[in-house]
Amino acid sequence: MSAALESHRPIHYGPRRHIASIRERLDALSFDRFEVVPQSPCLGAEVRGVDLGKPMDDALRAELERALVEYKVLFFRDQSITQAEHAAFAKRFGELEVHPFLPEGEAPEVIRFAKDEDVVGVENNWHSDVSWREIPSLGSVLRAYEVPAVGGDTLWTDMEAVYEGLPEDLKKEIDGRIAVHDFVHTFGLALSEEERAEKRKQFPPARHPIVRTHPVSGRKCLYVNTIFTSHVEGLPEDESRDLLKRLYHETEVPEYQVRFRWEKDSVAFWDNRSTQHYASSDYWPRHRVMERITIIGDRPA
Ligand code: SIN
């Protein structure tokens, strides 16, 4: 093999065969209260027939939760809801998170992403939200207010499918290992040294298993991400970096992804425990305004 090929990332030709069983599992699902239209074989489904602004009874909530755990990201169109309705919907799934770094909307639990020629989109790296917290989020509900005519899509990847598709020797290598997650290389960069030290006291580096088990489905998924994971505990720096690089490479496989094209009043509700996302920053200098409300989850185990 040539030196160029040796140094290249591993090449995979042909089908990712385990996707067939994921698709079969999803094909067998049925829901009474709404229609579900899958958007890719692994994850992502449009939900039709639900008005997110209306109060939700327990049976509808339970069906939506089941759909969320199975499809991992749910899409809704034409939801012209108020901020209070947005928050009320999210609150049916758990307590709401207040983000200590991102800009607020009208209430502390609302994160407002208002991008224009000066405030540019920087969420274009694969990540799982707030993995630097001891208790990261269960999920988020993101609503579009203003979107470019083209561009500004968001992509999600199925971290269960990523884990399942890893070679057996790599699965063995990460089994039982802990990775450390830290806010300093992202949000920390905008802080003064004193501010960073202050936030550090509140948010010390978080230790999470590299392989996490979903608290509802019981399925395993890979839980490291490019922007918040600093290193693998107990490995020399170069080995930790190499191992994470191999894992990140698998996260970027297109077969495990879904890509959502936003319209005004579209809503995406994702399971942050089993997915990562990437907001495409390809629309500058056009405007893109979104609001996110995030639900607190549980300690990864
Ligand atoms: C985020 O990373 O939560 C933002 C996603 C987006 O703006 O599409």
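The values are calculated or read from the model by the stated rules, or taken from the named source; none is laboratory data. Source: prediction; values computed, not measured. Note that each Cβ is placed from the backbone with ideal geometry, even for glycine, and that neighbours are counted across all protein chains shown.
What number of residues within segment 253-276 satisfy the criterion of being in contact with a Cys (Cβ under 8 Å, 6 or more places away or on another chain) and in a helix (DSSP H, G or I)? Qualifying residue count for the region: 2. Assess whether ARG143 counts as being under 24 Å from ALA301 (Cβ atoms) and of a type outside the set (Gly, Ala, Ser). No: the conditions fail for ARG143.
Condition first: touching a residue at least 12 places away in the same chain (Cβ under 8 Å) and among the polar types (S, T, N, Q). Can you find one or more residues in segment 25-43 that meet it? Among the residues of segment 25-43, at least one is touching a residue at least 12 places away in the same chain (Cβ under 8 Å) and among the polar types (S, T, N, Q), which makes the answer yes. Total residues in segment 208-247 satisfying the condition of being under 25 Å from GLY152 (Cα atoms) and touching a Phe, Trp or Tyr at 6+ places or on another chain (Cβ under 7 Å): the figure is 3. Pairing residues of segment 257-271 that are within 17 Å of GLY139 (Cα to Cα) with residues that are more than 13 Å from the ligand (Cβ to nearest atom) and of a type in the set (A, V, I, L, M, F, W, C), at Cβ distances under 6 Å and at least 6 apart in sequence or on separate chains, gives VAL258/LEU43; VAL267/PHE76; PHE269/LEU74; ASP271/LEU68.
In the set (1) over 15 Å from the mean Cα position of the chain (by Cα); (2) assigned to a helix (DSSP H, G or I); (3) surrounded by fewer than 21 Cβ atoms within 10 Å (Cβ to Cβ); (4) in contact (Cβ under 8 Å) with a residue 40 or more places away in the chain, PRO285 fails one condition alone, (2). Output the residues belonging to segment 117-134 that are within 9 Å of the ligand (Cβ to nearest atom) and of a type in the set (Asp, Glu). Selection gives GLU123, ASP129. Among residues of segment 273-301 being within 19 Å of ALA88 (Cα to Cα) and not charged (D, E, K, R), the one that is nearest to the ligand (Cβ to nearest atom) is MET290. Among the residues of segment 85-104, just one is part of a loop (DSSP other than H, G, I, E, B), away from the ligand (no atom under 13 Å from the Cβ) and either of a type in the set (S, T, N, Q) or surrounded by 18 or more Cβ atoms within 10 Å (Cβ to Cβ) (or both), namely PHE93. Every condition in (1) assigned to a loop (DSSP other than H, G, I, E, B); (2) surrounded by 14 or more Cβ atoms within 10 Å (Cβ to Cβ) holds for ASP78 except the one numbered (2).
Rundown of residues vs (1) of a type outside the set (Val, Ile, Thr); (2) within 16 Å of the ligand (Cβ to nearest atom); (3) free of Cβ contacts under 8 Å to residues at least 40 places away in the same chain; (4) crowded, with 16+ Cβ neighbours inside 10 Å, yes/no style:
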| residue | (1), (2), (3), (4) |
| --- | --- |
| PRO136 | yes, yes, no, yes |
| SER140 | yes, yes, no, yes |
| LEU166 | yes, no, no, yes |
| ASP175 | yes, no, yes, no |
| LEU191 | yes, no, yes, yes |
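Selection over segment 147-158 of residues that are buried (at least 21 other Cβ atoms within 10 Å of the Cβ) and more than 12 Å from the ligand (Cβ to nearest atom) gives a count of 2. Scan segment 196-220 for residues that are in a helix (DSSP H, G or I), in contact (Cβ under 8 Å) with a residue 60 or more places away in the chain and surrounded by 14 or more Cβ atoms within 10 Å (Cβ to Cβ) and the total you get is 1.
Here are some residues: GLU239, GLU250. Which one is surrounded by 16 or more Cβ atoms within 10 Å (Cβ to Cβ), away from the ligand (no atom under 16 Å from the Cβ) and assigned to a helix (DSSP H, G or I)?
GLU250
Criterion applied to ALA144, ALA114, ALA161 was being touching a residue at least 12 places away in the same chain (Cβ under 8 Å), away from the ligand (no atom under 11 Å from the Cβ) and among the aliphatic types (A, V, I, L, M), and the one residue passing it is ALA161. Within segment 8-55, the set of residues being part of a loop (DSSP other than H, G, I, E, B), modelled with pLDDT of 95 or more and hydrophobic (A, V, I, L, M, F, W, C) comprises ALA28, LEU29, PHE31, PHE34, CYS42, LEU43, VAL50, LEU52.
Taken over segment 258-272, the criterion of being more than 10 Å from the ligand (Cβ to nearest atom) and within 16 Å of VAL69 (Cα to Cα) is satisfied by VAL258, PHE269, ASP271.
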